[in-house]
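This report concerns only the one structure given below.
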């Protein structure tokens, strides 16, 4: 399964000055729990902005236009060709969860391929936002789950932001259901 995982503002903002838009410990914990033991795909700038590379206990894959074939960059497998990366990920996604972890260009490029997008929604806007996630509703996705974070004071922390956990997916078409069940 190909999944996006992202923290967004009300205007779908995700970053500024090559960094995260919000510092929300509860979201960082959620990211760690969801992606540990999984495959994570990053754009070059996002990968290089990580405080520690590679992310431990994960397969790290980087889309990097200067990569030569399946090169290695600070412990990550690299791809320079998006179409080759998609073919590789589709093979992996048939047996493993693959998480698309940003940045904005990588998130946007994978819009046609997401099976599910795991969104931490922050009820705020930062006027200095420079990077945005594509509006999922405008791209044919439906919100299938929405629940406010229930954080015990002092544990997990939201840094004062009202946040909710959302899952978005594309609607299943009748012919896809029939194909899945052999009708």
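The values are calculated or read from the model by the stated rules, or taken from the named source; none is laboratory data. What you are looking at is a predicted structure, and each value in this text was computed from that prediction instead of being measured. Using ideal geometry, Cβ is built from the backbone for each residue, glycine included, and neighbour counts are taken over all protein chains shown.
General remarks:
- For the stretch 27-40, the condition holds for no residue, the condition being that it is modelled with pLDDT under 90 and under 26 Å from residue 86 (Cβ atoms).
- Of the residues in the stretch 51-69, at least one is modelled with pLDDT of 95 or more and at positive phi.
- The stretch 128-151, subset assigned to a loop (DSSP other than H, G, I, E, B), closer than 17 Å to residue 164 by Cα and touching a strand residue (DSSP E or B) at 6+ places or on another chain (Cβ under 6 Å), residue modelled with the lowest pLDDT: 149
- Inside the stretch 166-177, residues that are surrounded by 12 or more Cβ atoms within 10 Å (Cβ to Cβ) and modelled with pLDDT under 95 make up a count of 1.
- Here residue 102 meets the list (1) out of contact with any strand residue (DSSP E or B) (no Cβ under 6 Å at 6 or more places or on another chain); (2) over 23 Å from residue 37 (Cβ atoms); (3) modelled with pLDDT of 90 or more almost entirely, failing just condition (2).
- Failed criterion for residue 163 (all others in (1) at pLDDT 95 or above; (2) farther than 28 Å from residue 61 by Cα hold): (1)
- Listing of strands (runs of 3 or more DSSP E) fully contained in the stretch 5-98 that carry 2 or more residues being in contact with a strand residue (DSSP E or B) (Cβ under 6 Å, 6 or more places away or on another chain), loosely packed, with under 14 Cβ neighbours inside 10 Å and in contact (Cβ under 8 Å) with a residue 24 or more places away in the chain: none
- Test result for residue 125, assigned to a helix (DSSP H, G or I) and touching a strand residue (DSSP E or B) at 6+ places or on another chain (Cβ under 8 Å): no
- Condition check for residue 143 on (1) within 25 Å of residue 67 (Cβ to Cβ); (2) without any contact (Cβ under 8 Å) to a residue 60 or more places away in the chain; (3) surrounded by 13 or more Cβ atoms within 10 Å (Cβ to Cβ): one failure, at (1).
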